[in-house]
């Protein structure tokens, strides 16, 4: 497992993320996630509010790629996802969604991602370079 640096954790905060998955047949799916948060040094988490294709893919293949960008800089994080419909992680995510977006329904599940690698999405000679 890889450890997120303070710089990367700070960069992720408050930004829209794009989560890429693929089902057992390799059919890709890409979905925006406005609820992505850093859970700890080795995990990210997001809430499922309306993600039927994301959930179906993750149930078949837990590998995931997350892209977080701001203008021309960003990170791609690769890892393995775990779905939670109850327990401390789910409760924490559900509480955060309710506080931030009280008019939306609560999450159906939370996705906890074990970070395995982080890559640069910056343009130039370091584009695609593995950072962690």
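Values for this structure:
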quantity	calculated
Packing-based exposure ordering (other Cβ within 10 Å, fewest first) of 78, 112, 129, 71	71, 129, 78, 112
Per-selection metrics, the chain (Cα): Rg and Dmax in Å	14.3, 44
Label-to-label distance, nm, for residues given as residue 49 and residue 132 (7 Å Cα→Cβ offset)	2.6 nm
Taking the chain and dividing mean pair separation by its residue count, relative contact order in percent (alpha carbons under 8 Å, at least six apart)	27 percent
Order of 85, 35, 80 under a 10 Å beta carbon neighbour criterion, fewest first	85, 80, 35
Estimated distance in nm for a label pair at residue 72 and residue 7, the labels positioned 7 Å out from Cα along Cα-to-Cβ	1.8 nm
Potential extension, residue 86-residue 122 segment - 0.36 nm per residue separation minus Cα distance	9.3 nm
Helix 88-100 vs. the chain, principal-axis angle (Cα, 0 to 90°, nearest 10)	90 degrees
Sorted by Cβ neighbour density within 10 Å, fewest at the top, the residues 51, 120	120, 51
Cα pair distances in segment 75-120, grouped into 10 Å bins until the bin that holds the longest one, percent each	27, 38, 29, 5
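Each reported figure results from applying straightforward, stated rules to the coordinates on display, with no laboratory input. Being a predicted model, the structure only gives us computed values, none of them experimental. Note: ideal-geometry Cβ built from the backbone for every residue, glycine included; neighbour counts use all protein chains shown.
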